[in-house]
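K.L.:
Could you have a look at this structure, given as structure tokens, before my questions?
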Amino acid sequence: MIRRYWGLAAALALAMVFAAAAVLVSSGGSRATAEAKSRTPTATSADAGFARDMSTHHQQAVEMSFIVRDRTSDEEVRRLAYDIANTQANQRGMMLGWLDLWGLPKNEASQLPMAWMGMGMEPGADGALMPGMATNTDLDKLRKLSGKDAEVLYLQLMTEHHKGGIHMAEGCVERCTVGPEKQLAQGMVDSQQSEIDLMAQMLKKRGATARTDWRPN
């Protein structure tokens, strides 16, 4: 009888220990989940805004680069276009992947482009959605040109495009909170400035210069 009593008592004590452990694990897991959710960017955050807007910005750079590769046989321009298209397509995939990971929409109809930077731009005339982006007229013209003329227009358009991209990337470096995204943005600033310098030399070699002294709106 005594043995049975102590056996039951031991079993009850062990059950209580397991129950307490389960509660601790459960509460710890809940806290971890809550903390993870609190660190996830919101749909209107700088992190999400940059990922969405720069994905759109990058897509046009890829499009322009493929256009010029079909309009010239110059290996220097074709190589630059390939590098830009490949780099920006990969970066775009990363940013869209982050939006998926965060469970956020790739398009936020309630937020204007660059609102996360305090700019809240209305879409520009003739299809230019953000600073630096080419217009539909620019793209149509690029599709019709060939040879040196296509090379010059591409280099001019991409110079403006990069300047707009740098402005946006600097905004993310300043405002974004996700470490890898801030690092990606800083990498964009560095690499695109290097390409702007290269394109200035390429334009000079072709007797041309950048079209405008670009400034953010």
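The values are calculated or read from the model by the stated rules, or taken from the named source; none is laboratory data. Please read these numbers as outputs of a predicted model, since none were measured by experiment. Counting neighbours? That spans all protein chains shown, and the Cβs are built from the backbone with ideal geometry, glycine included. Calculation scope for accessible area: heavy atoms of the full protein, side chains included, ligands and nucleic acids excluded. Shrake-Rupley method; radii C 1.70, N 1.55, O 1.52, S 1.80 Å.
K.L.:
With the condition kept exactly as written, say whether any residue in the stretch 207-216 is modelled with pLDDT of 95 or more, open to solvent by 10 Å² or more (accessible area, probe 1.4 Å), at negative phi and touching a Leu at 6+ places or on another chain (Cβ under 6 Å).
P.N.:
Scanning the stretch 207-216, I find at least one residue that is modelled with pLDDT of 95 or more, open to solvent by 10 Å² or more (accessible area, probe 1.4 Å), at negative phi and touching a Leu at 6+ places or on another chain (Cβ under 6 Å), so the answer is yes.
K.L.:
Separate question: From the list 80, 99, 129, exactly one residue is outside any helix (DSSP H, G or I), among the hydrophobic types (A, V, I, L, M, F, W, C) and either open to solvent by less than 40 Å² (accessible area, probe 1.4 Å) or farther than 18 Å from residue 182 by Cβ (or both). Which is it?
P.N.:
After applying the criteria, what remains is 129.
K.L.:
Run down 141, 106 and say which single residue is within 16 Å of residue 60 (Cβ to Cβ), free of Cβ contacts under 8 Å to residues at least 60 places away in the same chain and not in a helix (DSSP H, G or I). Lay out the reasoning, then the answer.
P.N.:
Values: 141 fails: not in a helix (DSSP H, G or I).
Exactly one of 141, 106 is within 16 Å of residue 60 (Cβ to Cβ), free of Cβ contacts under 8 Å to residues at least 60 places away in the same chain and not in a helix (DSSP H, G or I), namely 106.
K.L.:
Of all residues in the stretch 163-179, count the ones that are in contact (Cβ under 8 Å) with a residue 40 or more places away in the chain and of a type outside the set (Lys, Arg). Show your work before the answer.
P.N.:
If we filter the stretch 163-179 for residues that are in contact (Cβ under 8 Å) with a residue 40 or more places away in the chain, which is where we start, we get 163-165, 167-169, 171-172, 175-178.
Now restrict to residues that are of a type outside the set (Lys, Arg): 164-165, 167-169, 171-172, 176-178.
Qualifying residue count for the region: 10.
K.L.:
For the stretch 102-112, name all the residues that are open to solvent by less than 60 Å² (accessible area, probe 1.4 Å) and modelled with pLDDT under 90.
P.N.:
108, 111 - these are the residues of the stretch 102-112 that are open to solvent by less than 60 Å² (accessible area, probe 1.4 Å) and modelled with pLDDT under 90.
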